[in-house]
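Asker: Handing you this structure, nothing more for now.
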Amino acid sequence: MNETRLNKAKLTSRKYQIGITLNIVFIIVEFIFGGVANSIALVTDAVHNMADVLSLVISLIAIYLMNKKPTKRHTYGFYNTTIMSAMINSVILFVSLGIVIWESIVRLSTQSAGSQPVGWLVAVVALSGVVINGLTAVLMNGSKELNDRSNFWHFFGDTLLSVAVFAAGLIISLTDWDWLDPTISIIAALFILFESWSVLKESFEMSTNAVPQRLESADIEGYLLGFAHVVAINDLHIWPLSTTETALSAHIEIDQKADYFKTLDQITTGIEEKFQIGHVTVQLETCDKEHCEAKI
C-alpha cells in the first residue's frame, strides 16, 4: 500500500474519531437539557446530531475498508465502500430531518401555554452547539472527497441551526413566542435538506457508475481522437471506483502505421496526467486498410 495514502487515511480517521467523540458528548447534553427546557428545537438538533454521528461512524468504517488490500474476490479492493457510505449518510440525513419536520409540525399544532420552552436554557445549550458543530465542520472542511463534503454540510448546517436556536432561545426568554422554537426547527431542517440535495444526487450517480461530475466523456473522447494514428473510439467507459478514485477502459482503433506500444504508452500516460484517472485500461485494435480509409 502506498505510504502517503496510508498516512492520509490515518489523519482522516483521526479527525473522524475526534468529531464522533465531541458530538456524542453534545448529543447527551442536548437530550437532557432539551427535556428539562421543554425545547423541541434542542431535541431536534440532538436527533439530527445522532444522524451525523452515525454518518461519521459509517465514513470511518469506509475509510478502514478502502485501505484494505484487494482480494481474489474483491479485485479492486473495497474502494466503493466510500460511495456506499456517502449514499447511506445522505439517506439517513433526509429521513432524520423528515422526522424532525413532522415532530415540529405536531408541536405547533398541539402547543399549549404550559409547553413554552425555557428560553435562557435553550440559548445556553445552543451556544455550546455552535462551538461543537463549528469545530467539527472545520475538521471536515477543505477536502473534495464526497464523504468529507457530505459531513461538512451536515455540521455546517448544524452550526447554523445552533445559531438559530440560540437566537430563538433569547427571544423566547423575553417574549411569549413559544411557537418560535418548532418554527426555527422546520426552517433549519428545510435549509439543510436543500443544501444536502447535491451530495445525495452525486452519491446516487456514483453508486450507479455514472461518469464522475468532474469529468465529461465527450472531452475525453475528443482528447483520444486527437492522438496521431487514432481512427476511432469503439468502446469508452468511465466510472468511479470510490469517491476519489476513477477508472477508465477503452477500445481504440489505430491505423496500421502506428507504433503500437508507443501509442499505448502515450494514451495511458496522457489520460492519467490530464484527467487524473488512476486506473486506465486501453485495448488498441488495428483496423484494416479499407476500413481505416473509410473512417478518415
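Asker: Among residues belonging to region 86-112 that are over 25 Å from Leu56 (Cα atoms) and among the β-branched types (Val, Ile, Thr), point out the one that is surrounded by the most Cβ atoms within 10 Å (Cβ to Cβ).
Answerer: Ile105
Asker: Same structure, new question: Does Phe194 meet the test of being open to solvent by 20 Å² or more (accessible area, probe 1.4 Å) and part of a helix (DSSP H, G or I)? Give the derivation first.
Answerer: Working: open to solvent by 20 Å² or more (accessible area, probe 1.4 Å): yes; part of a helix (DSSP H, G or I): yes.
Yes.
Asker: Hey, another quick one. Being open to solvent by less than 30 Å² (accessible area, probe 1.4 Å) and either at pLDDT 85 or above or assigned to a strand (DSSP E or B) (or both) narrows it down to one of Leu224, Leu236, so name that one. Give the steps one after another, and end with the answer.
Answerer: Working: Leu236 fails: open to solvent by less than 30 Å² (accessible area, probe 1.4 Å).
Matching residue, one of Leu224, Leu236: Leu224.
Asker: Regarding Gly169, is this residue out of contact with any Cys (no Cβ under 6 Å at 6 or more places or on another chain) and without any contact (Cβ under 8 Å) to a residue 24 or more places away in the chain? Give the derivation first.
Answerer: Details: out of contact with any Cys (no Cβ under 6 Å at 6 or more places or on another chain): yes; without any contact (Cβ under 8 Å) to a residue 24 or more places away in the chain: no.
Considered against the rule, which asks whether it is out of contact with any Cys (no Cβ under 6 Å at 6 or more places or on another chain) and without any contact (Cβ under 8 Å) to a residue 24 or more places away in the chain, Gly169 comes out as no.
The rows are residues; the columns are (1) at pLDDT below 80; (2) in a helix (DSSP H, G or I); (3) more than 30 Å from Ile171 (Cβ to Cβ).
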| site | (1), (2), (3) |
| --- | --- |
| Ile58 | no, yes, yes |
| Thr71 | no, no, yes |
| His74 | no, no, yes |
| Ile83 | no, yes, yes |
| Met87 | no, yes, yes |
| Leu93 | yes, yes, no |
| Ser96 | yes, yes, no |
| Ile99 | yes, yes, no |
| Ile105 | no, yes, no |
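Asker: Hey, could you check region 197-221 for residues that are at pLDDT 85 or above and among the aliphatic types (A, V, I, L, M) and say which is most open to solvent (accessible area, probe 1.4 Å)?
Answerer: Ala218
Asker: Looking for something assigned to a helix (DSSP H, G or I), of a type outside the set (S, T, N, Q) and within 18 Å of Ile20 (Cβ to Cβ) - is there at least one such residue anywhere in region 161-182? Explain how you work it out, then say what you get.
Answerer: Quick first cut of region 161-182, residues assigned to a helix (DSSP H, G or I) only: 161-174, 180-182.
If we keep only those that are of a type outside the set (S, T, N, Q) as well, we get 161, 163-172, 174, 180-182.
If we keep only those that are within 18 Å of Ile20 (Cβ to Cβ) as well, we get none.
Checked against the condition, which is being assigned to a helix (DSSP H, G or I), of a type outside the set (S, T, N, Q) and within 18 Å of Ile20 (Cβ to Cβ), region 161-182 yields no hits at all.
The values are calculated or read from the model by the stated rules, or taken from the named source; none is laboratory data. Quantities reported herein were computed from a predicted structural model and do not represent experimental measurements. All Cβ positions, even for glycine, are placed from backbone atoms using ideal geometry, and neighbour counts span all protein chains on display. Ligands, DNA and RNA are excluded from the accessible area calculation, which covers all protein heavy atoms including side chains. Shrake-Rupley method; radii C 1.70, N 1.55, O 1.52, S 1.80 Å.
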